[in-house]
Protein chains: 2
Amino acid sequence: MGLAPVPAETATRKDQMLAAAERLFRQKGYLATSIGDIEAETGVNAVGGKEDLLWAIASRAADEFFAAVEPIAAADEAAPLKLRRAIIAHVGVITRNLDAAAVYFNEWRHLSEPRRAEFARRRDEYEALFRGLMRDGIRSGIFAPVDEKFAALLVLSALNWTYQWYKPDGPMSPEEIGRTLADLLCNGLYRTA
Amino acid sequence: MGLAPVPAETATRKDQMLAAAERLFRQKGYLATSIGDIEAETGVNAVGGKEDLLWAIASRAADEFFAAVEPIAAADEAAPLKLRRAIIAHVGVITRNLDAAAVYFNEWRHLSEPRRAEFARRRDEYEALFRGLMRDGIRSGIFAPVDEKFAALLVLSALNWTYQWYKPDGPMSPEEIGRTLADLLCNGLYRTA
């Protein structure tokens with residue numbers, strides 16, 4: 001007969017808890033946030049501990065990044081085009097999940113082992129998608145023969161900072177921001193024509 | 001006649017307090033760090049409150065950034081050369097002050113007014129040095145006619161992330177990191193020759 005479906009209310013409660021935890025972990029920092037703070041904000045009793053919420057937020061953010069970029073990296077297209085699309089997709093994930101992205105970037109350090117190592121492993125796997133695009137672009141002769149690891153780090157650094165300055169009511173859409181970043185990173189500042 | 005010099009011991013104590021506060025604010029976050037934590041780490045009684053330490057760290061970091069980049073921006077040289085030198089100098093400040101840089105980037109939000117506004121004003125003034133170099137480089141025709149504000153933000157984003165990954169025992173010196181970042185940002189990823 002199969003498992004009974006999860007009641008809708010339960011999913012909603014969990015989402016409420018996660019949304020409040022994301023916001024508070026970002027604003028106050030993980031260590032300064034208590035389960036009581038999260039319960040007070042949601043009016044819901046917590047199921048599981050504070051670190052379970054951190055783990056859920058960090059894992060969900062990692063899932064979002066992979067879901068956005070993995071299909072692009074696997075597509076049958078030229079690497080430089082895929083890199084442009086991956087840049088736009090990565091910025092899209094950040095701008096749609098500002099609180100979660102801040103937690104993903106800054107608060108994961110407070111995970112205890114083995115979760116911390118698992119998080120670092122998955123993050124490295126994600127960065128490897130960008131290193132691979134860089135390598136393919138260099139091999140095809142379209143990208144200059146730069147240090148692929150360093151170049152991938154530069155690209156992700158430039159993208160990741162968007163969580164610090166992006167405002168949903170700002171003048172540029174996430175897509176425009178992604179395209180402008182991709183143009184600048186690919187073309188560089190020097191005038192070539 | 002004049003003022004009595006500050007006793008050497010006082011300066012040392014203050015430096016000890018600031019060094020411990022930088023480390024703890026970075027590791028635990030400002031809100032999760034107590035004055036008691038800082039006293040326990042240094043064995044010194046605090047003079048002034050926790051926010052005074054945050055203000056001192058943020059102000060000193062701002063001073064360092066200005067001291068490194070302002071003379072370069074004011075020099076009588078071509079803007080693209082000055083931008084390269086400013087990039088190297090900015091990375092130098094971060095790599096020499098990793099804890100303070102992390103606090104400068106992330107924890108200043110916890111300053112109360114009017115200090116918070118004063119910090120934001122100075123940071124904007126600092127970013128304007130980079131916007132000015134970008135503008136001059138575009139006017140001189142050496143940089144492509146990009147959005148100067150956005151391009152300055154991209155450059156600083158790529159540089160600022162170094163506090164997240166730089167390891168003093170890594171394979172590249174801060175100077176090499178600065179030069180490699182400047183090359184990539186100026187030339188872009190595309191092969192041009």
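Being in a helix (DSSP H, G or I) and acidic (Asp, Glu) is true of residue B:64. Looking only at residues in the stretch A:67-81 that are without any contact (Cβ under 8 Å) to a residue 40 or more places away in the chain, more than 14 Å from chain B (Cβ to nearest Cβ) and in a helix (DSSP H, G or I), the one that is farthest from the chain's Cα centre (by Cα) is A:74. Take the conditions surrounded by fewer than 16 Cβ atoms within 10 Å (Cβ to Cβ), within 11 Å of chain B (Cβ to nearest Cβ) and in a helix (DSSP H, G or I) and apply them to residue A:176. Does it pass? Considered against the rule, which asks whether it is surrounded by fewer than 16 Cβ atoms within 10 Å (Cβ to Cβ), within 11 Å of chain B (Cβ to nearest Cβ) and in a helix (DSSP H, G or I), residue A:176 comes out as yes. Hey, any hits in the stretch A:113-133 for a residue that's within 11 Å of chain B (Cβ to nearest Cβ) and either surrounded by 21 or more Cβ atoms within 10 Å (Cβ to Cβ) or more than 17 Å from the chain's Cα centre (by Cα) (or both)? Yes, the stretch A:113-133 contains a residue that is within 11 Å of chain B (Cβ to nearest Cβ) and either surrounded by 21 or more Cβ atoms within 10 Å (Cβ to Cβ) or more than 17 Å from the chain's Cα centre (by Cα) (or both).
Checked against (1) over 11 Å from the mean Cα position of the chain (by Cα); (2) buried (at least 16 other Cβ atoms within 10 Å of the Cβ); (3) closer than 24 Å to residue A:180 by Cβ, residue B:145 passes all but a single condition, namely (2). Which ones in the stretch B:182-193 are farther than 14 Å from residue B:151 by Cβ and under 24 Å from the mean Cα position of the chain (by Cα)? The one that is farther than 14 Å from residue B:151 by Cβ and under 24 Å from the mean Cα position of the chain (by Cα): B:183.
Per the listing A:26, A:60, the residue uniquely in contact (Cβ under 8 Å) with a residue 12 or more places away in the chain, of a type outside the set (Asp, Glu) and buried (at least 17 other Cβ atoms within 10 Å of the Cβ) is A:26. Out of the residues in the stretch A:46-57 that are crowded, with 20+ Cβ neighbours inside 10 Å and more than 14 Å from chain B (Cβ to nearest Cβ), which is farthest from residue A:135 (Cα to Cα)? For the stretch A:46-57, the residue satisfying everything is A:53.
Among the residues of the stretch A:138-148, is any within 8 Å of chain B (Cβ to nearest Cβ), farther than 17 Å from residue A:81 by Cβ and in contact (Cβ under 8 Å) with a residue 12 or more places away in the chain? So far as the stretch A:138-148 goes, yes, one or more of its residues are within 8 Å of chain B (Cβ to nearest Cβ), farther than 17 Å from residue A:81 by Cβ and in contact (Cβ under 8 Å) with a residue 12 or more places away in the chain.
Condition check for residue B:157 on (1) touching a Phe, Trp or Tyr at 6+ places or on another chain (Cβ under 7 Å); (2) within 24 Å of residue A:29 (Cβ to Cβ); (3) within 11 Å of another protein chain (Cβ to nearest Cβ); (4) in contact (Cβ under 8 Å) with a residue 40 or more places away in the chain: one failure, at (4). Highlighted here are the helices (runs of 4 or more DSSP H) found entirely within the stretch A:89-167 that include at least 1 residues which are farther than 26 Å from residue B:107 by Cβ: A:115-139, A:148-160.
On the stretch given as the stretch A:93-112, residues that are crowded, with 18+ Cβ neighbours inside 10 Å and either free of Cβ contacts under 8 Å to residues at least 40 places away in the same chain or polar (S, T, N, Q) (or both) total 4. Scanning the stretch A:161-173 for residues that are surrounded by fewer than 21 Cβ atoms within 10 Å (Cβ to Cβ) and at the interface with chain B (Cβ under 7 Å from one of its Cβ atoms) gives a single hit, A:165. Can you pull out the residues in the stretch B:179-193 that are of a type in the set (A, V, I, L, M) and either at the interface with chain A (Cβ under 8 Å from one of its Cβ atoms) or out of contact with any Lys or Arg (no Cβ under 9 Å at 6 or more places or on another chain) (or both)? If the condition is that a residue be of a type in the set (A, V, I, L, M) and either at the interface with chain A (Cβ under 8 Å from one of its Cβ atoms) or out of contact with any Lys or Arg (no Cβ under 9 Å at 6 or more places or on another chain) (or both), then B:181, B:184, B:185, B:189, B:193 are the ones that fit.
Quick note: the coordinates plus some simple rules give every number you see, no bench work behind them. Please read all numbers here as calculations on a predicted model, not as lab measurements. Note that each Cβ is placed from the backbone with ideal geometry, even for glycine, and that neighbours are counted across all protein chains shown.
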